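The values are calculated or read from the model by the stated rules, or taken from the named source; none is laboratory data. Note that the structure is predicted; figures quoted are calculated from it, not measured. Glycine gets a Cβ as well: all are built from the backbone with ideal geometry, and neighbour counts include every protein chain shown.
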Amino acid sequence: MAIDVRRLEKLFEDIGIQLDDGQAKRFDTYARLLLEWNEKINLTAITDGEGIEQKHFLDSVLPFTKVQLEQGCSVIDIGTGAGFPSCPMKIVRGDIKLTLLDSLNKRINFLKALSDEIGLEAQCIHGRAEELAKGDMREGYDCAVARAVARLNILCEYCLPYVKVGGMFAALKGSSGGEELEEAKGAVRTLGGEVERFEEYCLPCGDKRSLIVIRKTKPTDTHYPRNKGQMVKKPL
């Protein structure tokens, strides 16, 4: 067994979420597939059961006990990697309509296998976020999420173009969240957002985390997102 399901259930109970047997089994299968695929492609450096429970599964769901996701809302996870944070969210909140976007096709293949195995019904898309944001996915989602993809000023340029006016972008960050937010305030305004919430907290293991919620208040100028080279060379 890759994880201790009872220990995971207790972690979720402590944040007010009661996992049913089906959800617990899906998390167990998720962990098993993650470790199996990790031997073939690089998905995670965290391979111990307790680490997966806290630093992947709990870390993905905990922030969304702090913000309200509307019933049936559409969520896109930008640069999702091995499916964090949105696949654990989807296990807990089966009502959300989930799109997983990543630039590496090997990871998308893993996510398709995961979605099929545990019944996520997620749309898995291979492509570059800055390119697809120029097409019909633009401003098509109630919520965009991202965890540990890039610094916030660059991450906003990747993510906010996907969010509908009135929707939100939730960035999951580590201990540098406050510093990154100060750095990104100009980018947030330029891209049509307003900072709605910033909260710092810790995982049970003591690791520091921060949640940044940005509300989309006006359409993003069609000039954005720029290509990756421009973003890195001249960040907003």
Sole residue being under 16 Å from Ser60 (Cα atoms), modelled with pLDDT of 95 or more and out of contact with any Asp or Glu (no Cβ under 9 Å at 6 or more places or on another chain), chosen from Leu19, Leu34, Leu8: Leu34
Could you list, ordered by first residue, the pairs with Cβ atoms under 8 Å in which the first is in the range 14-28 and at negative phi and the second is surrounded by 17 or more Cβ atoms within 10 Å (Cβ to Cβ) and in a loop (DSSP other than H, G, I, E, B), at least 6 apart or interchain? Phe27/Ile3; Phe27/Leu19; Asp28/Ala2; Asp28/Ile3
Output yes when any residue across the range 112-134 is among the hydrophobic types (A, V, I, L, M, F, W, C), surrounded by fewer than 17 Cβ atoms within 10 Å (Cβ to Cβ) and part of a helix (DSSP H, G or I), and no when none is. yes
Which numbered condition in (1) farther than 30 Å from Gly51 by Cβ; (2) of a type outside the set (Lys, Arg); (3) touching an Asp or Glu at 6+ places or on another chain (Cβ under 9 Å) is the only one that Val195 fails? (3)
Residue that is surrounded by the most Cβ atoms within 10 Å (Cβ to Cβ), among those in the range 45-56 that are closer than 16 Å to Phe27 by Cα and within 19 Å of the chain's Cα centre (by Cα): Glu53
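Scan the range 192-201 and give yes if some residue there is on the phi > 0 side of the Ramachandran plot, without any contact (Cβ under 8 Å) to a residue 60 or more places away in the chain and of a type outside the set (A, V, I, L, M, F, W, C), otherwise no. Even if it seems obvious, please write down each step before you answer.
Residues of the range 192-201 that are on the phi > 0 side of the Ramachandran plot, as a first pass: 192.
Right, trim to without any contact (Cβ under 8 Å) to a residue 60 or more places away in the chain and you get 192.
This time we only want the ones that are of a type outside the set (A, V, I, L, M, F, W, C), so: 192.
Yes: one or more hits.
Quick check, is Asp102 closer than 22 Å to Glu157 by Cα, modelled with pLDDT of 95 or more and charged (D, E, K, R)? Lay out the reasoning, then the answer.
On the way: closer than 22 Å to Glu157 by Cα: yes; modelled with pLDDT of 95 or more: yes; charged (D, E, K, R): yes.
Here the answer is yes, as Asp102 does meet what is asked.
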